[in-house]
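Following: one structure in C-alpha cells, then a few remarks.
Nothing in this text is a laboratory measurement; each read-out follows from the coordinates by a stated rule. If you're wondering where the values come from, they're calculated on a predicted model, not measured in any experiment. A quick note on method: Cβ atoms are made from the backbone with ideal geometry, for glycine too, and the neighbour counts reach across all protein chains shown.
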C-alpha cells in the first residue's frame, strides 16, 4: 500500500465522520417530520419546511425544494408499507392526479413571480385554514356498512377503530378534483407535497375516511411532487444535494415508524393533534 495513501486515509476517514455528524441533525429532522406526518396523515412536507427554514436557517425556497425530495421518499414509503397498502384507493388517486399534476406544473411557472415573504404567507394561511376545517369536523366519521354500493370511486377497508370491514363513498368529486389542482399548485410553491390540503378536504368534504385519505394522498403526492422538484431544481433552489438526501432518508425512516402509531391512534385525537400542529406553524409564518 503506498505511503501517500496510508497517510491520506485517516484524513479521509475523519472527513467522512465529520460529514456524517453534520448531516445527523438533518436526518433527525426528516425523521421527526416523517413520523409526525405519518401519524397525523398530512405527509412530512408541512413539517419539514419549517424545520429546515426556521430550525436550520435554510432560505424558504431551498427548504421547499428539499421538502419536495422528502415528499418523494414519503410516497415511496407508503408504497412499500404493508400497513398502508390496504388503505390506498388507487382509482381515486388516479383521478386526482389528472388535476394535481397540471397544478404542480402551473406552480412551476409561477416560481419567479413571487417573493420569499409571499411564500411564507401562503404557507401560514394554508395551515390555519386547514386547521380550522379539521376542528369543525372532529366527530364526523365517513365509514358506512360494508354492504353498501360504493360507487365508482369508493372502497372498502378494515377499520381499526371498530375492528370491522367498512365501506365509504366518494362524494363531491368535482370539488375533490379542484382541491387536487390547488394542492398540486401549493406543492410546487411552498414544498408541502399537497397532503395538508388533500387529506382534510377528502375527509371533511368528500366522504373519505381519515386513514384512507392519508394513504391515498401520500401515494399520489409523490407523483405530483415530481414536476415541482424539477421546477425547483431548474430555478436553482435545490442547493446542497446532501441536505435534501439526508432529509429524505430521515423522512422515509420516520414515516415507517409513524404509520404504526397512526393505525392505532383514535381518529378524533389525530384530528385535534393535526389542528394544533398546523396552528403552531401558522403562527410562526403569519405572526412571527
Determine the distance separating the Cα centre of the range 165-179 from the Cα centre of the range 228-248; give it in Å without decimals. 33 Å
In nm, spacing of pseudo-spin labels at residue 279 and residue 234 (7 Å Cα→C-beta vector): 4.1 nm
Highest-first arrangement of 251-257, 240-246, where packing means the average Cβ count within 10 Å: 251-257, 240-246
Taking only C-alpha pairs under 8 Å that are 6+ residues apart, what is the relative contact order of the range 176-288 in percent? 20 percent
Protection proxy (average C-beta count within 10 Å per residue), highest first, orders 215-225, 171-181 as 215-225, 171-181
FRET efficiency for residue 24 and residue 261, using Cβ-Cβ distance with R0 set to 25 Å, rounded to 0.05: 0.60
Where in the range 187-220 does the amide nitrogen come within less than 17 Å of the point 7 Å from the Cα of residue 148, taken along Cα to Cβ? 202-213
With contacts defined as alpha carbon pairs under 8 Å and 6 or more residues apart, what's the relative contact order of the range 96-219 in percent? 34 percent
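Could you order peptides 87-100, 189-202, 58-71 by the average number of other Cβ atoms within 10 Å of their residues, highest first?
Highest-to-lowest ranking by the protection proxy: 189-202, 58-71, 87-100.
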